[in-house]
Amino acid sequence: MIQINEQAVDFNQLNQYIICNSKKFTEYIPNNVEPFIDLIVTSPPYWDMKQYGNVKQTGFQQTYEEYLDDIEQTFNSLYKLSKETATLYVNSDTLKRDGKIIRLPDDIARRLENVGWIHQDIIIWDKGKTLPWSRKGQMRNIFEYIYVFTKSKHYKYYIERIKTVDELKEWWIDYPERYNPEGKVPDNIWEHFIPTQGSWGTKKDFGDKEFKHACPFPPDMMARIIKLSSDEGDVVFDPYAGTGVLLATAQNLNRRFLGLDTNPDYKQIFEQVTKPLIEEKIQEINNYYEKQEKMKLLLSKTIYKLRILKFSKAMIKIFNKIFIQNSKNNSPPIIATIVIEEKMNCEEKNTKHKIGKANYYFVLRNSLQHVNGILLILKELSENAPFSKYGLITKINLITVEEAIDLLATQENNFNFNMYSNGIVNDSYGVVSFEKMINLIQNVEDELKTDEKNITPIFSNVEIKTSDYEEIPAKKYKKKNYQ
Ligand SMILES: C[S@@+](CC[C@H](N)C(=O)[O-])C[C@H]1O[C@@H](n2cnc3c(N)ncnc32)[C@H](O)[C@@H]1O
């Protein structure tokens, strides 16, 4: 237990908002305190712009160099108090003085690098609106910067937790081999609109402690950062806490928090307004992540099935093209495909980038010659891009109509066979009987044209219907016209 400005701080418990100048914070920390900070997310006061209340603070009435010295000193001491795995997110923006831009985020970054922080990423935070709205020589401003730093190269970065299905374009269904089954890594432009005065309740709801602060963090953005860069029980810290949105969000996500601010009014807002608001809001945030997890699971199952089925369709398409180019009047030799999904063994499951295993039986029209040549072409195709990128362990077989009938007869009791026809592999035509399959295979030959796009029927134990995955978002692709 230590005393900071007559406030007792318990380093085992934390979860405290302390009125303290962040530059002076380390002066109160005994030398024997081990580095304890896991994650810092903060928005330092801007230089010479805002006076937050009547309390002495960083940035106000300081020269630019004094201000940067102040920031450097603070983040130097926080570097020492941070764990090796720690991450630091600094939100700031450029400003204009004497008719020219001052690149504050870069100047801060240089100072942070001076004391050891490693610059990892730049995120553009689209706030919807930000100050100043517009001025001569500049467009209407809607974004600020978030610069990401780490203490070492061994930092926490749980990207899978924040991968999303939100931004998937409709192409993922036709090109499952190009999409990550675990969802998309979010891009580096984050759209999180700032809570505006009144949007979180008014004086009526909170007495005289209305939610009043110029730049509170949005809780959903804080949740994203907290999940990405920390674990439950970790210490999440904000040396310029303001309304304390970060702190309240961290607590609701089972992290411990510590916040500093020079202005006691903000601590009151934190206690009386932010905390109850975030307690309400967290359900919405949790629901969002639960839904994403559900969707990601569905996406990975669907991409897996789509890849297995598309593999055979795409192989035949390319094979037919090669075949037709080389043998003028002959019809393509493959008249049907039987695709049997197999379970991977433990060793196979651990093979990097492999998500499934399937046996492909390409059925050849009868009395065909050059069987070995055809097999060679198919095997070679399967081992090279794009087929090698499907993440599948595959076995390619060529069989006659009689062998196909035998195969289906022996597997008839093991599986239901779905039929996919006319090149549609994302929506089963339905389960088909043994008799129907045999009939189709025996008669398909008559219907085949010498058309490289002609896709013969596929029979498979993999079942997929559009209704299985229609819940997964698939944004319509908007064509951009360049003029
Ligand atoms: C940009 S605001 C932070 C807003 C915060 N991110 C939120 O969600 O509300 C900067 C805050 O830093 C505080 N501040 C300014 N100088 C400080 C200092 N030297 N030590 C601690 N807090 C300071 C201000 O009172 C203000 O609340």
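The values are calculated or read from the model by the stated rules, or taken from the named source; none is laboratory data. None of the values given here were measured: they were computed from a predicted structure. Quick reminder, even Gly has a Cβ in these numbers, built from the backbone with ideal geometry, and neighbours come from all protein chains shown. Just so you know, the surface numbers come from the protein's heavy atoms only, side chains and all, with ligands and any DNA or RNA stripped out. Shrake-Rupley method; radii C 1.70, N 1.55, O 1.52, S 1.80 Å.
Annotations for the structure displayed:
- Magnitude of the charge dipole, segment 325-469, Cβ model with Lys/Arg +1 and Asp/Glu -1, debye to 20: 520
- Across Lys169/Lys281; Lys389/Lys475; Lys301/Lys476, pairs whose alpha-carbon gap is larger than 26 Å: Lys169/Lys281
- Listed by chain and number, the aspartates and glutamates placed with their C-alpha closer than 16 angstrom to that of Lys343 are Glu463; residues fewer than eight positions away on the same chain are left out.
- Antiparallel DSSP beta bridges within the chain, percent to nearest 5: 55
- About the centre of its Cα atoms, the chain shows a dipole size close to 1260 debye [charges on the beta carbon of Lys, Arg (+1) and Asp, Glu (-1) only; nearest 20 debye].
- Solvent-accessible area, 1.4 Å probe, carbon plus sulfur percent, for the chain: 47
- Rg of the Cα atoms in segment 325-469, relative to 2.2 N^0.38 Å, amounts to 1.08.
- For the chain, the solvent-accessible area with a 1.4 angstrom probe is 52 square angstrom per residue.
- If you plug the beta carbon distance of His119 and Leu297 into 1/(1 + (r/R0)^6) with R0 = 35 Å, you get a FRET efficiency near 0.50.
- In straight-distance terms, cross-link reach from Lys267 covers every one of the aspartates and glutamates whose alpha-carbon lies under 12 Å from its own, apart from those fewer than eight places away in the same chain; here that gives an empty set.
- For segment 317-381, trypsin sites (Lys or Arg not before Pro) are listed when DSSP marks them as loop and at most 11 other Cβ atoms sit within 10 Å of their Cβ; the list is Lys328, Lys343, Lys352.
- Over 22 Å apart at the Cα level, from the set Lys305/Lys349; Lys83/Lys291; Lys83/Lys153; Lys80/Lys127; Lys163/Lys291; Lys83/Lys296, are Lys83/Lys291; Lys80/Lys127; Lys83/Lys296.
- Helical content of the chain, expressed as a calculated mean residue ellipticity at 222 nm, amounts to -10500 deg cm²/dmol (DSSP H runs of 4 or more residues, -39,500 (n - 2.57) each, divided by residue number, nearest 500).
- Modelled spin labels at Thr410 and Asp427, positioned 7 Å past Cα toward Cβ, are 3.6 nm from each other.
- Stretch gain in nm, segment Lys100-Glu66, where the contour uses 0.36 nm per residue and the Cα spacing is subtracted: 10.3 nm
- Heavy atoms of Thr94: accessible area, 1.4 Å probe, square angstrom to 10: 40
- Longest exposed-site-free window of the chain, the sites being chymotrypsin sites (Phe, Trp or Tyr not before Pro) in a DSSP loop that have at most 12 other C-beta atoms within 10 Å: 159-476
- In this structure the amide hydrogen of Thr400, modeled in the peptide plane, comes within under 5 Å of the amide hydrogens of Leu364, none closer than 5 places in sequence on its chain.
- Contact order normalised by residue count of segment 325-469, Cα under 8 Å, 6+ apart, percent: 32
- Backbone amide hydrogens, once placed in the peptide plane, bring Gly356 within less than 5 Å of Ile393, excluding anything fewer than 5 places away on its chain.
- Note on the chain: the C-alpha convex hull projects to 31.2 nm² when averaged across all orientations.
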